[in-house]
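Colleague: The structure follows.
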Amino acid sequence: MDTEISKSKTKWSLSEFYKFGKFQKQVMLLLFLASIPNGISTIILVFIHDVPTHHCKPDPNISLAIAVGGTDLNSSLFNIPTELDAQGIEVPSSCLKFKVNSNYTGNNLNISGALTVVQCDQGWVYNIKENQATVVTEWDLVCDNAWIRPLMTTLNLFGFLIGSMTSGVISDRFGRRPVFLITTFIQFISLFVASFAPTIESYAVMIFLIGLTGLINYQSAFVLGVELVEPSKRALMGTLINVAYATGYMLLPGIAYLLPDWRWLTRVSGLMGVLYQLFDRLIPESPRWLIRAGRVDEAKVILKKIAEVNKTTISVVDAKQLLNSKNVDSEDSVPVQQLSYLDLFRIRDIRTRSLCIFLSWFSVGLLYFMISLNTSSLGGNKYVNCFLSAAVEIPAIITTYFTLEKIGRVLPLSISFFIASLVYGSIPLLMQVNQTAVIVAAMISKFLATFIFLLIYIYTCEPFPTMMRHKSLGAASTIARMGGMVMPYLVYAGKKVHFSFPYIVMCVIGVLTGVSAMCLPETLNEPTPDTMEDALKLKRKYFTSCCGKNNDNGFVEEEDSDEVRI
């Protein structure tokens, strides 16, 4: 009897600590501010990797040859040959120029017969302002060296991939707070050091570290935030952290406009880290993590502070009793079901949902970064395009929040993929009609890509058992980074093959993903599965025959119960 009273009392005490009081609001504000730079560091590549229009430096002998030959033709006509761009429009060549033959004497008035088309051999002229510079213009990442630019973007996204694979392990091992603070510090240092990079190789190292630390501190902030609030406020905490990312994203175009030199842009972005040194004292560790790590005394100090700030009268001794209550809960304990990454593929139903979820992550990663990192290629003002691309994320985040609560997961996911893919695939056609229509189509696609990203992020945690949940999210996030890494080369192929190529590929992949999403089980108002048996009880609402029958794995479905599972 005493045991039951003790269990009830201590559980009540801990739940009181996490109620949404003044302390939680302060932490939410701090994490909101801390997540703003992630939007800047992720999308900054739009401006520092920008490729301005350019052409070869003309052969200085051409003007002399024209003068000797006595022609009246404008010498600019002989400087740069023309070629057809990806859209079939005749434009000045970016990589070719005319060169005067060495045996030309000037006696022949027809100078055009003395010209040979050659590759640029004396550098390029870029259509930029005097104080403007990008990584591309500084290291001439054009023409034969154009492949280096997508490689730099891929290295940054490869950092994201490694971060998604390691963030959970590192955070679980060393704690949320130190991992968040250290990776945030390294992120700012990497941005600052990148601004002084003397070579493209040293820059590549820094751009990888920016991606690596940016993903780890983002996920650490997310986990820390949701572990400090009650369950009903976790979605709000996650939503605000994503809004903070979008806020930094929206601030970036203004900063880039004021700092058109890429070195100063990255330098100032790195110096913002000075402001975040305040977080060293203000952001607490997660008491939940401290409990699991056995650091009871430290957890007790933080819980006591939460009680003081929130002005709640609860006994911290009760909390400590629960932290040490291994024998209290022993009568209700059940064997822990140990699951590995291989269990994502062993059973047919779980394998189907794993593959469908992975395809969704790959597709949305490809679409999101294809739009976000290529707004300058849409035409119009690149600063305005980037701002609009960021601004649509906020209503998308809010829409996701209410959609998850009212409509569900699977149908919105599938429909969003269909619409986003078809709208984005129509952009090549709209380019022939109206530039404004192109921007509108891109922003609709970006809205839906953000919506899908947040929806699939939350959904991935729901159809898998507890001991597989973190593994499934980590594996899926890794797949999304692979989609992002493919993106730069898909865009690069479009410049070599046909400008519509990446749009068509994305459209096809997106439509197929929308179809496959219908094979996923709906989880709205369903209890979170604890075991593999629980996970297999989740039912599909659509495509029940072609994706396999529900509950065909030998598990007996239990009768409905009024018991509430936590």
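The values are calculated or read from the model by the stated rules, or taken from the named source; none is laboratory data. Remember, predicted model here, so these are calculated numbers, not experimental data. FYI the Cβ positions are ideal-geometry reconstructions off the backbone, even for glycines, and counts take in every protein chain you see. For accessibility, only protein heavy atoms count, side chains too; no ligands or nucleic acids. Shrake-Rupley method; radii C 1.70, N 1.55, O 1.52, S 1.80 Å.
Colleague: What ³J(HN,Hα) values, in whole Hz, does the Karplus curve 6.51 cos²θ - 1.76 cosθ + 1.60 give for segment 454-464 when θ = phi - 60°, with x put for Gly and Pro?
Modeller: 5, 5, 5, 4, 6, 5, 4, 7, 9, x, 10
Colleague: Using the Karplus curve 6.51 cos²θ - 1.76 cosθ + 1.60 with θ = phi - 60°, work out ³J(HN,Hα) for each residue of segment 353-361 in order, rounded to whole Hz, and write x for Gly and Pro.
Modeller: The phi angles translate into 5, 4, 5, 5, 5, 4, 5, 4, 5 Hz.
Colleague: Name the residues whose placed amide hydrogens come within less than 5 Å of the amide hydrogen of Arg409, ignoring near sequence neighbours (fewer than 5 apart) on the same chain.
Modeller: Sorted by chain and number, the residues that satisfy this are Thr523, Leu524.
Colleague: Which net charge results when you count Lys and Arg as +1 and Asp and Glu as -1 among the other residues whose beta-carbon is under 15 Å from that of Glu138?
Modeller: -1
Colleague: Once ligands and nucleic acids are excluded and a 1.4 Å probe is used, how much of Phe464 is accessible, expressed in Å² to the nearest 10?
Modeller: 0
Colleague: Further question: Order the following by accessible area, largest value first: Thr82, Thr184. Probe radius 1.4 Å; ligands, DNA and RNA are ignored.
Modeller: Largest accessible area first, the list is Thr82, Thr184.
Colleague: With the crude spin-label approximation of a point 7 Å out along Cα→Cβ, what separation in nm comes out for Phe196 versus Lys25?
Modeller: Once both label points are built, they end up 4.3 nm from each other.
Colleague: Here's something else I'd like to know. So how do 199-206, 220-227, 125-132 stack up, highest first, on mean other-Cβ count within 10 Å?
Modeller: Listed from highest to lowest mean packing, they are 220-227, 199-206, 125-132.
Colleague: Take peptides 118-124, 457-463 and line them up by average Cβ neighbours within 10 Å, highest first, as a rough protection proxy.
Modeller: 457-463, 118-124
Colleague: What full-extension length gain, to one decimal in nm, is calculated for Leu84 and Tyr257 as 0.36 nm per residue of separation minus the Cα-Cα distance?
Modeller: Length gained, Leu84 through Tyr257: 59.2 nm.
Colleague: Which entries in the list Lys22/Lys382; Lys305/Lys446; Lys97/Lys495; Lys233/Lys300; Lys233/Lys446; Lys382/Lys496 go over 31 Å, if you measure between the two C-alpha atoms of each?
Modeller: The answer is Lys22/Lys382; Lys305/Lys446.
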